[in-house]
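The next block holds one structure in the form of structure tokens; read it before the comments.
The values are calculated or read from the model by the stated rules, or taken from the named source; none is laboratory data. This one's a predicted model, so the numbers in the text were calculated from it and none came from an experiment. Reconstructed Cβ throughout: ideal geometry from the backbone, glycine too, with neighbour counts over all protein chains shown.
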Amino acid sequence: MRRNDVEEINSILNKWFFICALLMGLSLLLGQAYAAEREFNMTIDEVKIKVAPGLDYNVFAFNGTVPGPLIHVKQGDEVTVHVTNNTSLAHTIHWHGLYQTDNWQNDGVPGITQAEGIPAGDTYTYHWIADKPGTMWYHCHVNANEHVGIRGMWGPIVVDPKKPTPLEKKVTKDVIMMMSSWESKYAGKFGKGAGPTDLPDFFSINAKSFPMDQPLRVKKGDVVRVRFIGAGNSLHAMHSHGHDMVVAFRDGLPLSEPYSVDTQLIYPGSHNDVIMYMNNSGRFIFHDHIDTQSTNNGKFPGGAVTIIEYAGNAHEDWYVWKGKDYDPDFFYSESLKKGYGMFINPRFAGEPLQQRRKHRSKKQR
Amino acid sequence: MRRNDVEEINSILNKWFFICALLMGLSLLLGQAYAAEREFNMTIDEVKIKVAPGLDYNVFAFNGTVPGPLIHVKQGDEVTVHVTNNTSLAHTIHWHGLYQTDNWQNDGVPGITQAEGIPAGDTYTYHWIADKPGTMWYHCHVNANEHVGIRGMWGPIVVDPKKPTPLEKKVTKDVIMMMSSWESKYAGKFGKGAGPTDLPDFFSINAKSFPMDQPLRVKKGDVVRVRFIGAGNSLHAMHSHGHDMVVAFRDGLPLSEPYSVDTQLIYPGSHNDVIMYMNNSGRFIFHDHIDTQSTNNGKFPGGAVTIIEYAGNAHEDWYVWKGKDYDPDFFYSESLKKGYGMFINPRFAGEPLQQRRKHRSKKQR
Amino acid sequence: MRRNDVEEINSILNKWFFICALLMGLSLLLGQAYAAEREFNMTIDEVKIKVAPGLDYNVFAFNGTVPGPLIHVKQGDEVTVHVTNNTSLAHTIHWHGLYQTDNWQNDGVPGITQAEGIPAGDTYTYHWIADKPGTMWYHCHVNANEHVGIRGMWGPIVVDPKKPTPLEKKVTKDVIMMMSSWESKYAGKFGKGAGPTDLPDFFSINAKSFPMDQPLRVKKGDVVRVRFIGAGNSLHAMHSHGHDMVVAFRDGLPLSEPYSVDTQLIYPGSHNDVIMYMNNSGRFIFHDHIDTQSTNNGKFPGGAVTIIEYAGNAHEDWYVWKGKDYDPDFFYSESLKKGYGMFINPRFAGEPLQQRRKHRSKKQR
């Protein structure tokens, strides 16, 4: 190569370097600008939801739904949430997974980060920055064993990262599965249940037991991200037939060495994401392999069971979900396409219960 | 280097390249050729097995044994299995872990991939390709909580990979441990038990509780692969004294970064393999560290417990397994040396129960 | 480069190589020299400890404390422990995690590595080499379901590695958390409980349930290593608010690819370490997210709960631990600064029970 050539190449590279640096600077500035302020109003209401065939359940529901509304924001966003407690007991909201950097007073734990729960009838405001990317969630931290365990006080948060990984960029369908369990004995009894010797007998994905939940409908070529959240008191071993799950995120953060499983353990408090390549047309069950939990109080199939259905798959007469009334947003897949904000799925709404403030006025934490 | 040298080297490399390409092509063709067709006959029988001292258990047993026969094939093999249901209830077989690529109708899930369970008295044929290598297993998918949980309807599949990893090539002894639990209250009551509030009280490896199971006999220098399968409804925390376990495979596939533990969590549906270097002569207990499960209904030691015994170790009078009647195939180590096919260990056979078709003719899924 | 230069460089490198080899040799010799002999006396005593408000518990306590004394040694140290059994039942000590290389007779398992448990009144001596570095522990192996599960027969071992990892060198505060559970029904009944169908109702860190345990006090910039040990029969899902945990060690050994979580599953027998960067001033709850276990028999908060408190954090009147009597050694952080030896925290001592040898003289394993 001649000296002239070298100089020319040098000069071209210099120009490109300058342009790149400029673009990087601009995008950093824009990134700052994107740190939006977002303000949401939430309520806590006493409602009765349908969990399983024959199982109606009294819950304290965020905005009247279980799971509660999806909060979808971008990393760095400043979030304000006004919470109005329409129930007869005190509650808080803990924003599970977020760091609350230099902001511990907004962590939502009574007696530790705030004086007490939000009293019945009051409104309380939380401020926080979406300082950790990924799948997060929120839940009450008053009497968590009962309120979170069996009273449905939880909902999902998705914080889009500033720098997505190459793997998550491939995702074509986003899915949230909040796993939990229920104690039928206490379905109608606020203030009771979820002690360490109480045994759950119903199990659900997004608060519905099979067959009251929904299929996971995909098309061939889809790359599905399942955001598993261990919302209740039980462990679950979700087993995907016909497909591996690439375990890619642990509690929001990407693994440097993702690995494949077909049975993923979900434990309370965890919020781990898997990536599934939809390359195997047909119909496959996707279920809790703690098989007692794939039942409705012992009746199989039930509980934490769904079915992967490929587009174009014909439904035979004997198919258990033939003619199923389909809700494409059951796993929040539609809501997650709609940009940032708070999203309520009316399918998750319960029937209002008469507020019973008088009988439950004593303070608690 | 002179021009002539360069040309000569070039010419040599070209030849080698040609030869390599030819060999690769040939081996691909041979690889295809090796995709054998394998055909097996299985039955499902009602038998009574001995699980623990004083605990006989009514089960639906594949070929009359629990665990069921070992199916050992090579990746790519085409497998046909004819299943004859000699019991009084419907059943299916699900081939756990296999992808069933474009073959979902053979996945063995009633109401989803086949109309119903195989009715009592019928024969049903499954076809599938061994499209995922590694440790797999099969089990019924009708009333899985009971049939898989406490009726012994499971057996191992080993699919040898086309390209073994360097680590698995070192293995000198292959071992299968299918973990499960039992509810003594329902031992004699088909159709009952394994609900979410039923509590297991017996625990086993390959369907035998200590001391009715067998030692893991090794010689110094052995490299043992333990294929753990979570076959029942319980979690187990297997703890190896004196040795680490290199966690090397998750649900059949190799980890890029194996890691060492001495306590490995086994959960329902999982089929994870560990590698153990046998470099510490003597005798070491290998047991479930959920210590309630190292008992027979509370009597310690019992349950999911075995002992690593090195060749040459002398047995003192006080040794709990002195003079033990030894079955070298209890963990399938002998069967796994015999090439491909289906292998039944007669030690796992139960005593036939009177078939009771009349009393149990109603359909179920 | 000229020939003379080359020779000179060669000569310099040769000198350095010689010096390096000499230093390596010396350090190996010194390494050997550092393999200290350490001798400890332990007792096993029947005492009553306070686990939770209203829950006193009869235990077999090593040196009268639960957890038992910390044994802190260096990798390669030769350890001798004389154990005097002052209780009315037989016991052993198993040194959990240590390889016992060519030393299986000191593994402490009755009927397998020693003839029987140490009889009431006897003294027995164990010899072992600290052949595995990291977080280890010791526990009885007689009737382990009861003695380890609910009778407090466990204590921590820390084996400092010869070659610490860069990550562990950063640690400024060392913390041990031994997780366990209790059955209030059997608190006063030696010989009963901890069967597979017995359900625990109290949960603890280092044998104290919230609020009887202690805060984890840190200062900004601390790098905390939490050595989690699954000592009891329950699983725990420890969730750290405001901070991630870098999972860095599994059963003593460093992971090649540490990863971050905010909820860490602790299962019986496991001894996994996490690293936490204390960079978020304030006050954060750190608790078992199996929320039934963050209660004292159903009363929330209780059980396996502590609070991360940053130095300088002011305590409001409503703070649940305002004016808490602080024990800086509750998590062994002070003991672990004191070099090698055996360390007893008098806070963990129970009140002596009348020895009841007469009523419990029958042999058992």
TODO: May I ask you to list pairs of residues, at least six apart or on different chains, whose Cβ atoms are under 6 Å apart, with the first in the stretch C:44-60 being at pLDDT 95 or above and the second being surrounded by fewer than 23 Cβ atoms within 10 Å (Cβ to Cβ) and of a type in the set (Ser, Thr, Tyr)?
DONE: C:55/C:184
Task: Those residues of the stretch C:91-116 which are surrounded by fewer than 23 Cβ atoms within 10 Å (Cβ to Cβ) and among the small types (Gly, Ala, Ser), in sequence order - done: C:111, C:115
Open item on the list: Given the options B:171, B:175, B:158, name the one that is within 22 Å of residue A:260 (Cα to Cα) and more than 13 Å from chain A (Cβ to nearest Cβ).
Closed with: B:158
Task: In the stretch C:118-132, the residues that are more than 14 Å from residue C:79 (Cα to Cα) and in contact with a Phe, Trp or Tyr (Cβ under 9 Å, 6 or more places away or on another chain) - done: C:118
Open item on the list: Every residue in the stretch A:215-237 that is more than 16 Å from the chain's Cα centre (by Cα) and away from every other protein chain (no Cβ under 12 Å), please.
Closed with: A:217, A:218, A:219, A:221, A:222, A:223
Task: Residue list for the stretch C:117-133, restricted to those being over 14 Å from residue C:83 (Cα atoms) and in a strand (DSSP E or B) - done: C:129
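Would you confirm whether or not the stretch B:134-145 contains a residue that is crowded, with 20+ Cβ neighbours inside 10 Å and in a helix (DSSP H, G or I)? If you could, list the steps in order and put the result at the bottom.
Kept after step one, since they are crowded, with 20+ Cβ neighbours inside 10 Å, are these residues of the stretch B:134-145: B:134-145.
If we keep only those that are in a helix (DSSP H, G or I) too, we end up with B:144-145.
Checked against the condition, which is being crowded, with 20+ Cβ neighbours inside 10 Å and in a helix (DSSP H, G or I), the stretch B:134-145 yields at least one hit.
Restricting to the stretch B:178-191, give me the number of residues that are part of a loop (DSSP other than H, G, I, E, B) and within 9 Å of another protein chain (Cβ to nearest Cβ). Let's see the steps before the verdict.
As a first pass, look at the stretch B:178-191 and keep what is part of a loop (DSSP other than H, G, I, E, B): B:183, B:187-191.
Remaining after also requiring within 9 Å of another protein chain (Cβ to nearest Cβ): none.
The total comes to 0.
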Open item on the list: When you scan the stretch C:99-119, do you find a residue that is more than 14 Å from chain B (Cβ to nearest Cβ) and at positive phi, even just one?
Closed with: no
Open item on the list: Kindly evaluate residue B:240 against the criterion of being closer than 23 Å to residue C:94 by Cβ and within 12 Å of chain C (Cβ to nearest Cβ).
Closed with: yes
TODO: Kindly list the number of the only condition in (1) under 23 Å from residue B:158 (Cα atoms); (2) surrounded by 15 or more Cβ atoms within 10 Å (Cβ to Cβ) that fails for residue B:334.
DONE: (2)
TODO: Could you please let me know if residue A:45 is out of contact with any Asp or Glu (no Cβ under 7 Å at 6 or more places or on another chain), over 23 Å from residue A:249 (Cα atoms) and more than 14 Å from chain C (Cβ to nearest Cβ)?
DONE: yes
Open item on the list: Yes or no: the stretch A:308-316 includes at least one residue that is polar (S, T, N, Q) and surrounded by 20 or more Cβ atoms within 10 Å (Cβ to Cβ).
Closed with: no
Open item on the list: Contact list please: Cβ distance under 7 Å, first residue in the stretch C:316-338 and away from chain A (no Cβ under 14 Å), second residue part of a helix (DSSP H, G or I), pairs at least six apart or on different chains.
Closed with: C:327/C:347; C:329/C:335; C:330/C:347
Open item on the list: For the structure I just gave you, tell me whether residue C:81 is under 15 Å from residue C:159 (Cβ atoms) and either crowded, with 19+ Cβ neighbours inside 10 Å or within 23 Å of the chain's Cα centre (by Cα) (or both).
Closed with: yes
Open item on the list: It is to be established whether one or more residues within the stretch A:253-268 are within 16 Å of the chain's Cα centre (by Cα), farther than 22 Å from residue A:224 by Cα and either within 10 Å of another protein chain (Cβ to nearest Cβ) or of a type in the set (Lys, Arg) (or both).
Closed with: yes
Task: The listed residue being more than 30 Å from residue A:116 (Cα to Cα) and over 17 Å from the mean Cα position of the chain (by Cα), out of C:246, C:274 - done: C:246
- [ ] Filter the stretch B:283-300 down to the residues that are of a type outside the set (S, T, N, Q) and touching a strand residue (DSSP E or B) at 6+ places or on another chain (Cβ under 6 Å), then identify the one that is surrounded by the fewest Cβ atoms within 10 Å (Cβ to Cβ).
- [x] B:286
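Condition check ((1) in contact (Cβ under 8 Å) with a residue 40 or more places away in the chain; (2) hydrophobic (A, V, I, L, M, F, W, C); (3) under 27 Å from residue C:322 (Cβ atoms)) across all residues:
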{"site": "C:177", "(1), (2), (3)": "yes, yes, yes"}
{"site": "C:180", "(1), (2), (3)": "yes, no, no"}
{"site": "C:187", "(1), (2), (3)": "yes, yes, no"}
{"site": "C:190", "(1), (2), (3)": "yes, yes, no"}
{"site": "C:206", "(1), (2), (3)": "yes, no, yes"}
{"site": "C:210", "(1), (2), (3)": "yes, yes, yes"}
{"site": "C:218", "(1), (2), (3)": "yes, yes, yes"}
{"site": "C:229", "(1), (2), (3)": "yes, yes, no"}
{"site": "C:233", "(1), (2), (3)": "yes, no, no"}
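Would you point out the residue of the stretch B:136-166, among those that are in contact (Cβ under 8 Å) with a residue 24 or more places away in the chain and among the aliphatic types (A, V, I, L, M), that is farthest from residue A:292 (Cα to Cα)?
Pass one, the stretch B:136-166, residues in contact (Cβ under 8 Å) with a residue 24 or more places away in the chain: B:136-143, B:145-162, B:165.
The next check asks that each one be among the aliphatic types (A, V, I, L, M); those that pass are B:136, B:142, B:148, B:150, B:153, B:157-159.
Values: B:136: 21, B:142: 13, B:148: 10, B:150: 11, B:153: 15, B:157: 24, B:158: 27, B:159: 29 Å.
Restricting to residues being in contact (Cβ under 8 Å) with a residue 24 or more places away in the chain and among the aliphatic types (A, V, I, L, M), the top hit is B:159.
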Open item on the list: As an exercise: evaluate residue B:109 against (1) touching an Asp or Glu at 6+ places or on another chain (Cβ under 9 Å); (2) closer than 30 Å to residue A:184 by Cβ and give the number of the one condition it does not meet.
Closed with: (1)
Open item on the list: Between A:245, A:276, which is away from chain B (no Cβ under 11 Å) and under 25 Å from residue A:170 (Cβ atoms)?
Closed with: A:276
